[in-house]
Amino acid sequence: MYQIAPPEPFWLDFAEGVRVRFRPVSRTSVRAARRAVRETFLGVEDDARESTEVMESAGSDFAASLIARGIIEFEGIAGPDGEALQATPEGIECFLSDPVLMDWADEVYVGPYVEKEAEKNGYALSRNGTSAGAIAGKPSAKTARPSAKSAPTKSTPPKQKPVRSHGTSSKPAAAKSGPRSAGRSGSTSKRS
């Protein structure tokens, strides 16, 4: 029987002495992040929705929502006042306002989730191909045989059709009856 283990929170190290404990990305977190993206698009003109600025804002809102819902605690991060930052709503907001911490969390926490989702949607790295996701040391195909002789590159005259001789001619065949035809077929007599 296959038993699904409950997902466990995990630590990610930012720098020496600085780390953040996250809970795994949940479906609830993803729904909340999608709502944040939807709110980004509210009030935006249809023709401006695909602008770089709006798309970047939507991506940042998605990541910030997932990160905010995923943070459980911090170690080694001080707030603007120099005091240790706690994982309170205010502390998480302070964490997200720092571009270096936000980019790091986006890369190490949100990035793997997004890659996993892309794999489920048919964008997976090739397990047997030449992409970065291919299994190292496992060839994807057998070694090819040596190639055949190359075709000539300059023009060559067409081949002449061989003359076929099937024993047929345009003359009518002689009748094979009587001693005359029987004697000719197998004898080698000399004529004088």
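Here are the numbers for the structure shown:
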item: The stretch 38-65: number of residues that are more than 26 Å from the chain's Cα centre (by Cα) and in a helix (DSSP H, G or I); result: 13
item: Test: residue in the stretch 22-29 that is assigned to a strand (DSSP E or B) and surrounded by 11 or more Cβ atoms within 10 Å (Cβ to Cβ); result: yes
item: Unique residue being at pLDDT 95 or above, surrounded by fewer than 15 Cβ atoms within 10 Å (Cβ to Cβ), at negative phi and not polar (S, T, N, Q) when the list is 72, 67; result: 72
item: Qualifying positions in the stretch 66-114 - of a type in the set (S, T, N, Q) and either closer than 18 Å to residue 21 by Cβ or in contact with an Asp or Glu (Cβ under 9 Å, 6 or more places away or on another chain) (or both); result: 86, 88
item: Filter pass, residue 73 being of a type in the set (Asp, Glu) and farther than 19 Å from residue 100 by Cα; result: no
item: Members of the stretch 74-114 that are in contact (Cβ under 8 Å) with a residue 24 or more places away in the chain, over 16 Å from residue 33 (Cα atoms) and not in a loop (DSSP other than H, G, I, E, B); result: 74, 75, 95, 101, 104, 108
item: Flag for residue 35 being closer than 22 Å to residue 117 by Cβ, surrounded by 11 or more Cβ atoms within 10 Å (Cβ to Cβ) and out of contact with any Pro (no Cβ under 8 Å at 6 or more places or on another chain); result: yes
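The values are calculated or read from the model by the stated rules, or taken from the named source; none is laboratory data. None of the values given here were measured: they were computed from a predicted structure. Here the Cβ is made from the backbone with ideal geometry for all residues, glycine too, and neighbour counts use every protein chain on show.
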